[in-house]
Amino acid sequence: MGRTWTLIRRRLLQAIPVILIVSIGIFGLLELAGGDAVDAYLAVTGGGDPAFAERLRQQWGLDAGLWVRFLAYVESLVTLDFGWSVVMSKPVSVAILERLPNTALMMGAAIAFSACLGTLLGGIAALRKGTAADAGITVGALVLNAMPSFWIGLIAIVVFAVKLAWFPLGGIASFDRPDLAIGRVLDVAWHLVLPVTVLGLAYMALYVRLMRSAMIETAASDWVRAARARGLPRLRIVRRHMARPALLPVVTMLGLQAGNLLGGSVVVETVFAIPGLGSLAYDAVSQRDLPLIAGILLVGTLMVIVVNLLVDITYARLDPRVTDDRVRAGGA
Amino acid sequence: MLKVRDLAIRFAGRSASEAGTLAVDGIDLDLDRAQVLALIGESGSGKSATMLALAGLLPKSAKTTGSVLLDDRSILHLDEREKSTVRGRRIGMIFQDPGGSLNPVLTVGDQIDEVVRTHRRLDRRAARAETVSLLSRVGIGDPAARARAYPHQLSGGLKQRVAIAAALAAQPTVILADEPTTALDATVQAQILDLLVNLVQVEHVALLLVTHDLAVAAAVADRIAVMYAGKIVERRGPEQLVTDPGHPYSRALGQAALPFVAAGDGRHAALPELPGRMAEAGGTACAFAPRCPLAIDRCRAQVPPVVPFGDGEAACFRAGETAQ
Ligand SMILES: Nc1ncnc2c1ncn2[C@@H]1O[C@H](COP(=O)(O)OP(=O)(O)OP(=O)(O)O)[C@@H](O)[C@H]1O
Ligand SMILES: [Mg+2]
């Protein structure tokens, strides 16, 4: 697959300026915000005299001029050493790496869930255009989309965790972890059901709407009429000639959504007490842990870049007309 | 073999109270194996509606009456399941826009494979072998490699050849071709027509060819039916239709096309622009009367019946007369 490798190389090269701009932006924002890790540290530890603060600043290299600090910042990025997190009392990179798998798992599952279900329902709505089923699906998805996810999350906890006790109240795993690996996997999956469902349902409307309109269009295409004239079975026409070409805008949207989902995970992780990047970001922001914020933002950027790369590869596989930068230009 | 009697097609109006459009107003057609019947006529005269009705592809908003018999079996009012045994398998269809009739995200080979596999229960490899042989039968060089190409990688002429191969894949006995060459360059048009005629001669399929082009019709057809406002106004052999048209509308078509027919050099004229608009189908007068140089009072009061004329028939009170 030479085409795929070309695409990967091109996208990775394009990612370099993106990461540069984001990191400069983060540095600039932190400068403008004022206050530094020493202030945050002193606020947490209960203060100290100015001389002690000055000593700490010297120790942590925070007393130098803007340029020196910027270079130190760039160096820390290149060496992937984001500094010390006061909130977590450990290196930022360690704090992030501990949390990253939980969020990646939850986000991945939520994206997959909302895209799959949304696409399926959107396709059904398109095939049943103008019927009660169509209206039900479209309106239902919009209502779910309009309700705040923390509220759906709380309702879900009350109903399915407290009243019915089908699912745990929160967290990512039980305290007394099962011994077998398979047991641990199932345990995590069991913990993820509610948060993934809540996050996924909230974002489903988008996929419903995209798939519905794209499939109404492909259903009216000349190639579908030709496929009918060739006597192909209806199910085959729906799958290969209507649904498949209609997936293109859905895949495009997956990439655009990746960033939004990270934002949504902040709320859902907090509601379900999941130790992930979202709740870490919440702690970092509320306690002004600047190095941690910077690290999370950068890792978030990297995640969005990686997801988009996967999306581009998928898109190129689905649409043979795409070979170069016209990728996704014609999408949504 | 294909026998159409008194076929009428009405598209529903926007509301229930509206009468809708009468697209086809009671036509008869007969087509036999290894024969070419050309259907020509002005835009909106109901040619495509007729083709779609034969293929069972009309939208639900269209109501049809009359009968269509294929090998003595009625195929007009079948349910979807029965239709799928006729479509592709008994009747293949070729459309005007060769690019549009191919799915852009599947290789052309895949799109022929699936027809072969649907109708002939072959496994994947046997189906691909059949696809490659179909592609070579429609004159595509290096068919195995071309089968792996996507539609956008092929020229318009090649795409139309692929569409023809897909229409032939289930070995139908009737091919409906709705302006199969209109969207193509002149030289490619001639090649595709040659291919179609060749298929009729070699594979003995019956071809119903819709065209705007009298010269094309005269060159390839055994019989020509001239359609005007939903009715067939003349039905003749190609030579007589060109040299001695019965209906004034056919004469108007012929006057523009004659030099090209005589020259036989592959240049073709489109249908000439006639002054005025085509009348609605289904009136109580001759629909052509408002534009006819020969029209008399009777033409405006009565629908002219079909009468024998030359080697065929014409629906005109003054068939064969010329304006002085
Ligand atoms: N889906 C439809 N709904 C309503 N009316 C239609 C529909 N399709 C065709 N018609 C009408 O039926 C009549 C015949 O149309 P048709 O497409 O058969 O003409 P045609 O002879 O193929 O013309 P052209 O040479 O332009 O292809 C026209 O008056 C047209 O407006
Ligand atoms: Mg037409």
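The values are calculated or read from the model by the stated rules, or taken from the named source; none is laboratory data. Being a predicted model, the structure only gives us computed values, none of them experimental. Here the Cβ is made from the backbone with ideal geometry for all residues, glycine too, and neighbour counts use every protein chain on show. Just so you know, the surface numbers come from the protein's heavy atoms only, side chains and all, with ligands and any DNA or RNA stripped out. Shrake-Rupley method; radii C 1.70, N 1.55, O 1.52, S 1.80 Å.
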For the range B:73-100, which residues satisfy the criterion of being farther than 18 Å from B:Ser48 by Cβ and free of Cβ contacts under 8 Å to residues at least 12 places away in the same chain?
B:Arg73, B:Ser74, B:Asp79, B:Glu80, B:Arg81, B:Glu82, B:Ser84, B:Thr85
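This table checks each residue for (1) within 16 Å of ligand 2 (Cβ to nearest atom); (2) open to solvent by 30 Å² or more (accessible area, probe 1.4 Å); (3) not basic (Lys, Arg).
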{"site": "B:Leu39", "(1), (2), (3)": "yes, no, yes"}
{"site": "B:Ser43", "(1), (2), (3)": "yes, yes, yes"}
{"site": "B:Lys47", "(1), (2), (3)": "yes, no, no"}
{"site": "B:Pro59", "(1), (2), (3)": "yes, yes, yes"}
{"site": "B:Lys63", "(1), (2), (3)": "no, yes, no"}
{"site": "B:Ser67", "(1), (2), (3)": "no, yes, yes"}
{"site": "B:Leu70", "(1), (2), (3)": "no, no, yes"}
{"site": "B:Lys83", "(1), (2), (3)": "no, yes, no"}
Only unsatisfied item for A:Asp176, checking (1) open to solvent by 80 Å² or more (accessible area, probe 1.4 Å); (2) modelled with pLDDT of 85 or more; (3) not hydrophobic (A, V, I, L, M, F, W, C), is (2)
Candidates A:Leu206, A:Leu210, A:Leu235 - the one that is more than 9 Å from every other protein chain (Cβ to nearest Cβ) and either farther than 30 Å from A:Gly263 by Cβ or not aliphatic (A, V, I, L, M) (or both)
A:Leu235
Kindly establish whether B:Arg117 is within 11 Å of chain A (Cβ to nearest Cβ), at negative phi and either out of contact with any Asp or Glu (no Cβ under 8 Å at 6 or more places or on another chain) or away from ligand 2 (no atom under 16 Å from the Cβ) (or both).
yes
Considering only the range A:84-140, state which residues are closer than 30 Å to A:Leu280 by Cα, of a type in the set (Val, Ile, Thr), in contact with a helix residue (DSSP H, G or I) (Cβ under 9 Å, 6 or more places away or on another chain) and assigned to a helix (DSSP H, G or I).
A:Val92, A:Ile96, A:Thr103, A:Ile111
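Results for (1) in contact with a Ser or Thr (Cβ under 6 Å, 6 or more places away or on another chain); (2) in a loop (DSSP other than H, G, I, E, B); (3) more than 10 Å from every other protein chain (Cβ to nearest Cβ), shown as yes or no for each residue.
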site: B:Asp110; (1), (2), (3): no, no, no
site: B:Leu122; (1), (2), (3): no, yes, yes
site: B:Arg125; (1), (2), (3): no, no, yes
site: B:Ile140; (1), (2), (3): no, yes, yes
site: B:His152; (1), (2), (3): no, no, no
site: B:Gly157; (1), (2), (3): no, no, yes
site: B:Ala167; (1), (2), (3): no, no, no
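Of a type in the set (Ser, Thr, Tyr) and either within 16 Å of ligand 1 (Cβ to nearest atom) or in a strand (DSSP E or B) (or both) - does that describe any residue in the range B:54-62?
Yes, because at least one residue in the range B:54-62 is of a type in the set (Ser, Thr, Tyr) and either within 16 Å of ligand 1 (Cβ to nearest atom) or in a strand (DSSP E or B) (or both).
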Can you list the helices (runs of 4 or more DSSP H) lying wholly within the range A:199-318 that have 3 or more residues being touching a residue at least 24 places away in the same chain (Cβ under 8 Å)?
A:244-271, A:277-286, A:290-318
If I ask for residues that are of a type in the set (A, V, I, L, M, F, W, C) and part of a loop (DSSP other than H, G, I, E, B), which ones from the range B:295-324 would you list?
B:Ala295, B:Ile296, B:Val303, B:Val306, B:Ala315, B:Cys316, B:Phe317, B:Ala319, B:Ala323
Conditions first: (1) loosely packed, with under 15 Cβ neighbours inside 10 Å; (2) touching a strand residue (DSSP E or B) at 6+ places or on another chain (Cβ under 6 Å). A:Gly231 passes all but one, so which condition is the exception?
(1)
Among (1) away from ligand 2 (no atom under 16 Å from the Cβ); (2) touching a strand residue (DSSP E or B) at 6+ places or on another chain (Cβ under 8 Å), there is one condition B:Ala165 misses while meeting the rest; what is its number?
(2)
Exactly one of (1) more than 16 Å from ligand 2 (Cβ to nearest atom); (2) in a helix (DSSP H, G or I); (3) surrounded by 19 or more Cβ atoms within 10 Å (Cβ to Cβ) is unmet by B:Ala8. Its number?
(2)
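Which one is farthest from the other protein chains (Cβ to nearest Cβ), of the residues in the range B:85-108 that are more than 12 Å from B:Leu168 (Cβ to Cβ) and of a type in the set (Lys, Arg)? Spell out how you get there, then give the answer.
Taking the range B:85-108 first, the residues more than 12 Å from B:Leu168 (Cβ to Cβ) are B:85-87, B:90, B:95-108.
Next cut, of a type in the set (Lys, Arg) only: B:87, B:90.
Details: B:Arg87: 4, B:Arg90: 9 Å.
Ranking the candidates gives B:Arg90 first.
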